[in-house]
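> There's a structure below that I have some questions on.
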Amino acid sequence: MLDVLRNYIRQETVEPVKSLFSSFLFLFVGSLFISLGCIFISIGLVGFLRRFDGLHSWFSWVPYLSASLSLLAMTFFVVRILINKKGRDA
């Protein structure tokens, strides 16, 4: 009876925790890569817009504002997708 109880506890506690850890690790790495990609896109946008000659004087803040707005837009769309997905699953 003790062996059956030990196997049951292992089946119901240890194995789900192992599978939860592996899926959590996969999701963490995926979100890390997506966030780094968004940051690199905004840095590339700043570099692209700084190449224009008309933005070197008083309008030097425009590339940074556009990169910040693009990051805000990406964040908005990600949150919107997550909210829609969560509402659909419920």
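The values are calculated or read from the model by the stated rules, or taken from the named source; none is laboratory data. Everything numeric here is computed off the predicted structure, so don't read it as measured data. Virtual Cβ from ideal backbone geometry, glycine too; neighbours counted across all protein chains shown.
> Could we say that SER22 is of a type in the set (S, T, N, Q), out of contact with any Phe, Trp or Tyr (no Cβ under 7 Å at 6 or more places or on another chain) and modelled with pLDDT of 80 or more here?
The answer is no for SER22.
> Just to be sure I understand the filter: pairs with C-beta atoms under 7 Å, separated by 6 or more residues or on different chains, first member in the range 21-39 and within 23 Å of MET74 (Cα to Cα), second member of a type outside the set (S, T, N, Q). Which pairs pass?
Listed pairs, sorted by first residue: CYS38/LEU71; CYS38/MET74.
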